[in-house]
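I have placed the structure first, in the form of structure tokens, so that the comments after it can refer back to it.
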Amino acid sequence: MSKRSKSTTEFVDWFRQSSPYIHAHRGKVFVLSFGGEAVSGDGFANLVHDIALLNGLGIRLVLVPGARPQIEQQLADRGADMQVVNGLRVTDDAALASVKEANGVVRVEIEALLSMGLANSPMAGVRIRVGSGNFVTAKPLGVIDGVDYRHTGEVRRVDAEALRRLLDSGSIALLPGLGYSPTGEVFNLSAADVAGAVAAALGADKLIFLTENKTTDGRGRVISSMVPREVDQLLARRKNIPEELSRVLHNAAVACRAGVNRVHILDRHHDGILVSELFTRDGAGTLITAEPYEVTRTARIEDVGGILELIAPMESAGVLVKRSRELLEQEIAQFTVVERDGAVIACAALYPFADDGLAELACVAVHPDYRQAGRGDALLRHIEATASALGIGGLFVLSTRTTHWFRERGFQNAPIERLPKRRRDLYNWRRGSKVFIKTL
Ligand SMILES: CC(C)(COP(=O)(O)OP(=O)(O)OC[C@H]1O[C@@H](n2cnc3c(N)ncnc32)[C@H](O)[C@@H]1OP(=O)(O)O)[C@@H](O)C(=O)NCCC(=O)NCCS
């Protein structure tokens, strides 16, 4: 095969593989934020081409560029600098003039690049409309610990309806890190705050941050996914996270909690990262999702507290037999738990009686908030698979109040004599549980 046809085949394969993503993203709202460093960086023209491509594929885009280096440059030209107190910038009159100017320059630059349509360029024949405006209402940050932050502000409100109209018309919305107040003032806002607030107000499908720094764990490896709670923990634990990234992470968690399904944090130095993140299976950045992480696994000693908390009300109600912490610690390896976003929401125990070819299924419990969603069934399937793998031919269960649940899942009433002798000797006649057996 010639070189040319091989690369064509590869291209065709790649293009076909990306089609599910193209269909999935069409019509969706993505908010994309990047720093002023990206705007003045070498790869910016490529990034703008990628933005144009996303627009062409029917993605409704809101761009929120930062302008930090440009503001600093303006201030330096004026022989001034911006005071930072407790990690927050104080925007005085000179700084505000620089903020307005720098944001204006950034905006014009992006609009110019998005207007390109030269033949033989990646944007040949493209006509992209960009809209900007007073979509973000701001309020002053005010005086904190005696420090007046002057024209530094916070987002008060986002005019989601007007933004939606703009996006519906096929335009790209371009919102700088600025906000206006009903008093007619302009406030300096962080682009990450604006992006987070806009994504939340629009109920965006994705919020994407292109950052200067990667989100890494203690060993410098990129963290591939997190839920908001883990973001909070990371921010509380690690004090050396660069300011830019910690603001992004904070906003990512807030937006996620406010209903934004997915927040991507991507390294902006990586050419084409936007395209590869959105149209291929190999995500290279950090994905923050509100969807709780749920896993069924063998219990560990750290789960003892969670299991006790889960089963205590069911023990009090007499549905489950009481277990002490000590017993649970000893038997922890017999337990399977369902962990959801860090909490134990279901459990079950399996006690093999190998000599009899049987095992007891016990302590089946699903947290009341998570019932009626098939978790009990899933747990039972998991336990049955574990038991089969151990060469166990049948499961038995002793139940007082949940007999029908087991019967409906293939367990059959059996006399106490069918229990392994060791278990029969422990049978609590006062409790009077019924015995059910299921052949595996
Ligand atoms: C039994 C239990 C584990 C089921 O958990 P779950 O995640 O809701 O289970 P699923 O979603 O797979 O099944 C739900 C079905 O079981 C039924 N069910 C729940 N408890 C039942 C009971 N005591 N008797 C009969 N059926 C019952 C529900 O009504 C539902 O069926 P439906 O949708 O047809 O009405 C849960 O209700 C529980 O923790 N109960 C308290 C502890 C207990 O009784 N454990 C067993 C003792 S060993």
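The values are calculated or read from the model by the stated rules, or taken from the named source; none is laboratory data. Only a predicted model underlies this, so the values are computations on that prediction, with no experimental measurement involved. Positions of Cβ are backbone-derived with ideal geometry, glycine not excepted, and every protein chain shown enters the neighbour counts.
Structure values in brief
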{"quantity": "Which listed residue is more than 26 Å from Lys28 (Cα to Cα) and touching a helix residue (DSSP H, G or I) at 6+ places or on another chain (Cβ under 6 Å), from Asn251, Asn213", "calculated": "Asn213"}
{"quantity": "Matching residues in segment 86-121 - criterion: being part of a loop (DSSP other than H, G, I, E, B) and among the aliphatic types (A, V, I, L, M)", "calculated": "Met116, Leu118, Ala119"}
{"quantity": "Residue check for Ala348: within 14 Å of the ligand (Cβ to nearest atom) and more than 30 Å from Glu230 (Cα to Cα)", "calculated": "no"}
{"quantity": "Number of the exception - Arg430 against (1) outside any helix (DSSP H, G or I); (2) within 14 Å of the ligand (Cβ to nearest atom); (3) modelled with pLDDT under 95", "calculated": "(2)"}
{"quantity": "Close pairs from segment 424-437: first over 12 Å from Asn413 (Cβ atoms), partner of a type in the set (Gly, Ala, Ser), Cβ under 9 Å, at least 6 apart", "calculated": "Tyr427/Ser433; Arg431/Gly318"}
{"quantity": "Filter result for Asp148 (within 27 Å of Gly56 (Cα to Cα), surrounded by fewer than 20 Cβ atoms within 10 Å (Cβ to Cβ), touching a residue at least 24 places away in the same chain (Cβ under 8 Å) and charged (D, E, K, R))", "calculated": "no"}
{"quantity": "Identity of the residue in segment 396-407, near the ligand (Cβ under 7 Å from one of its atoms) and part of a loop (DSSP other than H, G, I, E, B), that ends up modelled with the lowest pLDDT", "calculated": "Arg401"}
{"quantity": "Residue match in segment 187-199 (condition: assigned to a loop (DSSP other than H, G, I, E, B) and surrounded by 16 or more Cβ atoms within 10 Å (Cβ to Cβ))", "calculated": "yes"}
{"quantity": "Test: residue in segment 376-390 that is near the ligand (Cβ under 7 Å from one of its atoms), closer than 20 Å to Val304 by Cα and not hydroxyl-bearing (Ser, Thr, Tyr)", "calculated": "yes"}
{"quantity": "Test: residue in segment 91-100 that is within 32 Å of the chain's Cα centre (by Cα), buried (at least 19 other Cβ atoms within 10 Å of the Cβ) and of a type in the set (A, V, I, L, M)", "calculated": "yes"}
{"quantity": "Matching strands (runs of 3 or more DSSP E) fully within segment 277-386 where at least 2 residues are touching a helix residue (DSSP H, G or I) at 6+ places or on another chain (Cβ under 8 Å), hydroxyl-bearing (Ser, Thr, Tyr) and surrounded by fewer than 19 Cβ atoms within 10 Å (Cβ to Cβ)", "calculated": "294-298"}
{"quantity": "Residue check for Glu329: at pLDDT 95 or above, farther than 30 Å from Asp205 by Cβ and acidic (Asp, Glu)", "calculated": "yes"}
{"quantity": "Subset of segment 408-427 [within 12 Å of the ligand (Cβ to nearest atom), surrounded by 12 or more Cβ atoms within 10 Å (Cβ to Cβ) and charged (D, E, K, R)]", "calculated": "Arg409"}
